[in-house]
1. I'd like the residue in the range 150-171 that is surrounded by fewer than 19 Cβ atoms within 10 Å (Cβ to Cβ) and of a type in the set (Gly, Ala, Ser) and, out of all such residues, is modelled with the lowest pLDDT.
2. Which number in (1) surrounded by 12 or more Cβ atoms within 10 Å (Cβ to Cβ); (2) closer than 29 Å to Val133 by Cα; (3) of a type in the set (Gly, Ala, Ser) marks the one condition that Gly109 misses?
3. Would you pick out the residues in the range 125-146 that are assigned to a loop (DSSP other than H, G, I, E, B), within 16 Å of the chain's Cα centre (by Cα) and of a type in the set (Gly, Ala, Ser)?
4. Just checking, how many residues over the range 93-106 are part of a strand (DSSP E or B) and either exposed (fewer than 15 other Cβ atoms within 10 Å of the Cβ) or of a type in the set (Ser, Thr, Tyr) (or both)?
5. How many residues are among the small types (Gly, Ala, Ser) and in a strand (DSSP E or B) if we restrict to the range 38-92?
6. Inspect all residues belonging to the range 111-124 and state whether any of them is in a loop (DSSP other than H, G, I, E, B) and at pLDDT 85 or above.
7. Tell me which residues, restricted to the range 77-91, are loosely packed, with under 14 Cβ neighbours inside 10 Å and either in contact with a Ser or Thr (Cβ under 9 Å, 6 or more places away or on another chain) or within 15 Å of Gln110 (Cβ to Cβ) (or both).
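The values are calculated or read from the model by the stated rules, or taken from the named source; none is laboratory data. What you see is a predicted model, and the numbers here were worked out from it, not measured in a lab. Cβ coordinates were reconstructed from backbone atoms using ideal geometry, including for glycine residues, and neighbour counts include every protein chain displayed.
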Amino acid sequence: MSKVSTADFRNGMVLNMDGVLYAITEFQHVKPGKGPAFVRTKLKGIVNDKNIDKTWRSGEKTEAVRVETREYQYLYNDGESYYFMNNATFEQIPVFPHQVERKEFLIEGQNCTILFNADDEQVLYAEPPAHLVLKVEQTDPGVKGDTAQGGSKPATLESGAVVNVPLFVNEGELIKVDTRTGTYLERAK
């Protein structure tokens, strides 16, 4: 871990604050007309998933954690852990459920991103890709003329996630979904 100044802050940087890891999601350098400059940040807890706002004096130092992202393939869940495999070395690693984000979008064989602490090789979290193409397993049939503006209906996807889709989407179709927000994007081609 190294000390960094507020001038070095970047989105995505991971900070160690009293033993708890937070990622910077937003930061803004503020120079008021009166008084010293400061940096306003929005932080997201990596382990505890808490969102906090913190204001730093300009030039203040804090500990930064070196992190690495690696692609792993999701294999299975045994009820206690989620198992991922490194595609190059075929090494399998278990990841605790609280470290897996948006698990409702995981399907076996899918590539995911795992964030590691580069200093001690500890898994920080695993997440599916931002956009996925998934098959609609179950949804009610859309009836023509139901709405004048267009509407939506719930659809269960092959991963088990439920998203709202337009009325024209039918069972068996492939759709593109934004996993970060859980929203329908478009029909897959």
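1. Gly150
2. (1)
3. Answer for the range 125-146, where residues must be assigned to a loop (DSSP other than H, G, I, E, B), within 16 Å of the chain's Cα centre (by Cα) and of a type in the set (Gly, Ala, Ser): just Ala130.
4. Final tally of qualifying residues: 1.
5. Count: 2.
6. Taking the range 111-124 and keeping what is in a loop (DSSP other than H, G, I, E, B), we get 118-122.
Then keep just the ones that are at pLDDT 85 or above; that gives none.
Within the range 111-124, none of the residues are in a loop (DSSP other than H, G, I, E, B) and at pLDDT 85 or above.
7. The first filter runs over the range 77-91 and keeps only residues loosely packed, with under 14 Cβ neighbours inside 10 Å, leaving 78-80, 87-91.
Within the range 77-91, Asn87 is the sole residue that qualifies.
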